[in-house]
Every structure is written in structure tokens, then in C-alpha cells.
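One structure is given here, and the rest of the page talks about it.
What follows is calculated from the coordinates using simple rules that are stated; it is not laboratory data. This one's a predicted model, so the numbers in the text were calculated from it and none came from an experiment. Positions of Cβ are generated from backbone atoms using ideal geometry, with glycine treated the same way; all protein chains shown enter the neighbour counts.
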Amino acid sequence: MFEARHSMDAPTTTSADNGTSGGGGGGGWFTPHTPPEPPAGGEQGATEGRRLAALRPVNRSAAGGAGPAQRRIPPSAPPAPSAPSARPGSDTDRADVEPAADVEPAAPPTATAPTAVSAPAPDSAPAPDSVPAPVPPPAPARPASPDAVLIRRTMAEVAPVADKVTSYFYALLFVRHPDLRPLFPAAMDTQRDRLLKALLTAAEHIDNTEILVSYLQNLGRGHRKYGTRPEHYPAVGECLLGALSRFAEAAWDSETEAAWVRAYTKISQVMIDAAAVDELRAPAWWYAEVISHDLRTPDVAVVTVRPDQPYPFLAGQYASLETPWWPRVWRHYSFASAPRSDGLLSFHVKAVPAGWVSSALVHRARPGDILRLGPPAGSMTVDHTTDSGLLCLGGGTGIAPIKALVEDVAEHGQRRPVEVFYGARTGHDLYDIDTMLRLQQSHSWLAVRPIVDQQAHLQLPDAVREYGPWDEYDAYLSGPPGMIRNGVDALRDIGIPSERIRHDAVEDLVAARD
Ligand SMILES: NC(=O)C1=CN([C@@H]2O[C@H](COP(=O)(O)OP(=O)(O)OC[C@H]3O[C@@H](n4cnc5c(N)ncnc54)[C@H](O)[C@@H]3O)[C@@H](O)[C@H]2O)C=CC1
């Protein structure tokens, strides 16, 4: 729940679960814009009192609020946040996967799971030597557990009224627990949108402990930056059950309620435990000062920042990022370089209409501004235990992590072939082609092929079919959701097995315009 993704946080996945499951049709999982309905009084108070006790996870955390790292003072005071004057739209630059691809609004833990569960992530914060293992092929389907059956039945009933359930849930949460309101962004549209999507995923994956736990651990760690504390979880669970029982009347009975209580207790416990472990070794967030701001086109900027503390990550991963102008609104951006000796991080940001964070980063951010960074996430990383070639498709600003992967291969000194297909709508949109061509000049194992839609009269995935063979290659895709979907189809068509195709989960990339 809760914040789904990551948001994901934006989970990375292989095409074996390409993130297209669930939530795509029907009930408006991605675009609810109806105003919240007021909660219908306290009619469920007594029942939910019982639930509250049942939902309370064990608090194993040594902490509860911000640890020492969170009490840091930014190098210089960020500008005073201003209240949003318009709805946050979709910062489609990867990140918003809030989609809008990137939105990652602050939220207390709402239980949840990704609509597309990501490839298992490492338990610990990524370190340069902790490359995630390749994702194993999916296990053969097992019969659903009784709890999963009940949960899915609930989800099927609420799917057509997803907007209402989401609105009701947040209304309930903020009326009953007004102290939690400050953890969320001022405008809640995107957050409302994410909740049920996450629930749907939880329902779909409740039996898949390995993947679910891994996802939830990431989610728990990622929630630290919101100020989420263990005691928030029961409140969220209570309101979740309140909303589900109201809108899934036909399916709801004591057994169903018990199944949800078990599921939520498990979900919240995994998140709380992961956050507690993470608290011992990493800050909940990093302050990062903008060091340079390079406007490459009227709407694409390369933003380079210096974190206030060491920031370990792997090439191919991404971070959530908050600007001082839109507090508690987070978007995901991929690191555009492999880790550098000077500790600087770069992001490629495209301003999109109604994309609050991306527009601020492109049009407002200047050297000296202070941003906040969440922990690194994602497993679209290079497997250095093999010498397979890398077939990389980067569409638009999706070239950012591809460039990082190329640098990573270069630093490891292996002579493995890397073929980069860099797609853009027009020649002007190939804003990073000079960098990519310079890399090609320096490395004989690297081939960079720009594909301009207007000139080639075809899009990136189709262009790849004309080259090859790709039998000895692992594939990496990064770009808009449509490119990922079509790219995965094209690559499977030409014989690359799903488990050798890596990309961030499509949900996390869903942009309003796509
Ligand atoms: N900024 C970042 O760090 C990252 C951004 N992204 C995502 O990349 C996207 C970049 O957006 P833009 O630069 O506006 O890219 P764009 O929309 O201009 O597309 C770039 C290229 O991708 C291909 N493409 C687009 N849609 C396609 C489709 N439906 N089927 C097949 N091929 C298609 C085309 O070749 C096109 O020229 C955003 O959705 C963003 O969320 C992904 C990873 C990292």
C-alpha cells in the first residue's frame, strides 16, 4: 500500500514480469480525479477498534522518527516551499512514476505492493560490489492460497469503483488521523491513484513470498524519507479495511477480513523491519546541492548534484528526488553516470506539461539549490559475472541509465560488446548524442546507433530487429512505457528470452501522456 511504487518506487523487473499486469484497464487505477468523498461517519468504529489491535505490527525498530541522519542541516537553507497552485500532473520523466511516472508522494506506509513486482532487490543498500543477482525465471503457477482467493475476490469487487475506494480511504485516514496529513503532499491526486494499484498488486502477489518480501523491504526503506514510523501502520491498516469493507460489501465477511488483516500485518511487518535495519546504516535521505544545470534543449536539462554524504549506488539504478518547491512530492530519475570518484550525481530531466518536479528541475533549479534524494533503487544493473554482450535501447531521456551502464562496463575493463540504440523523435531530441559518440570513439567494443523516428520512419524497437543476431546479448530497455512494452515484444520475437531482458517496471513509467 501503500505507496506503490515505487514506487516505486520504480521497481526494476525482467520481462518475465514486465509490469503490465494489473490495473491497466477498467476502474481508473491511474487517473482518478474525483474529489474525495467524506467518510460516512463513525459507523465502523467498534469493528475497526478490533481490527486496529489485530493490525498492530510488532515494533522492532530502534527508532521512530528521524535518526541522526535526518536531523542534518542542509548546507544552505532551501527556498521556502510554496504551496502547489495546481494539481501535480505527471512528471513523466521516468520518475514520476507516479507514474506519471514518477511521483512518489510522501506517504505513510500503506501497505502494498507493486502492481508489477520488481525483480528481487538486494536486502541491503546497494554497494558497488553488490550487484543484484539475475532474476530467476518465474516459478510454475501454484494454486492460490485461501487468503489469496479472498483477497482477490475483494479486489475484483472494488476494481470498478477504484476511485471511490481510494478517495474514501484517504478521507478516512486524514479525518481519523490528522497527524498523518503532513506526511503527504499538499495535492493528493497522484497518491490517491497509487493506493489501489498497489493493493491490486499485493493481492496478485500475496502468495509469492520471495518477490513480495523483497519489494516490501525496498518499500519500507523508501518510506523512511517520508517520516513514516511503525506506529503509523495500524492507522493505515485500519482505514484500508474500513474502505474495503465499505466498497466490497458482497465479498466482505469475517473470513475475508481476517485474510486482509493477516496480509496487512505481514506487509507492514516486513516494511517496518526493513526500515529498522536500514536505519542502522544509511540516512533516510540525502541533501544534494545543485552543482551544475545544463539546459540541453528547451525542455531537457542535465542536473548535477553533490550529496552531503557518500551515496553508494550502482549504474542502472535510480533515486527519488524532491525539490524545495514541491515539498513531499518525489519523482524518480535514473543516475546518468556510473559512480564517480568525485561523488557527483547527474540526472537527465525532461519538463513535461503539468510535471511539477520535472518543470521545476528544468526551468527553476540553479546551482546552489538544495534537493533531497531518497535511497538508490532498481536492479537494471550489469551482471559482471558474465561476458554476454549488452543490447541497450534508450528512448529520449531513457538514455540516462544506458549511459551509466556503458560507463560501468568501461570501468570494469571487460571487452564485452555493447550496442546502444538511442531513439528520439527528432534529431534535435538526441540531446546527448555527442556524449554517446565520444564514448563510442573511446571504446572499440561500443556501437551507438541513433534512431530518429522522423528520418527512419520507424521506432526504436523495430530498428533493433534489423540488426543482430542478439543470441549472446542481455537486453536493457529504458524509455517511455510504450517503448518498453513494444521493445520487450520485439526482443522476445527475435529470440531473446524474457529473463535476459531488463527494464524498470512499466507501472513506474506510466506517464499521463502514454
Ligand atoms: N529521465 C530519466 O532518468 C529516465 C526517463 N525514463 C522515461 O523515458 C521517457 C522519456 O520521454 P521522452 O524523452 O519524451 O521520450 P519520447 O516519448 O520522445 O520517446 C523517445 C523514443 O522512444 C521510442 N518510443 C516512444 N514511444 C514508443 C512506442 N510506443 N513504441 C515504440 N517506441 C517508442 C521512439 O523511438 C521515440 O523517439 C519518459 O517516459 C521517462 O519516464 C526512463 C528511464 C530514465
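For region 296-402, trypsin sites (Lys or Arg not before Pro) meeting the loop criterion (DSSP other than H, G, I, E, B) and having at most 15 other Cβ atoms within 10 Å: 340, 364. Neighbour counts of C-beta atoms inside 10 Å place 436, 380, 271, 483 in the sequence 436, 483, 380, 271, starting with the fewest. For the residue pairs 225/403; 225/266; 350/403, the C-alpha atoms sit more than 26 angstrom apart in 225/403.
Label separation (residue 462 vs residue 425): 1.7 nm, computed from points 7 Å beyond Cα along the C-beta direction. Remark: the residue 444-residue 309 segment gains 45.0 nm on full extension, using 0.36 nm per residue and subtracting the alpha carbon distance.
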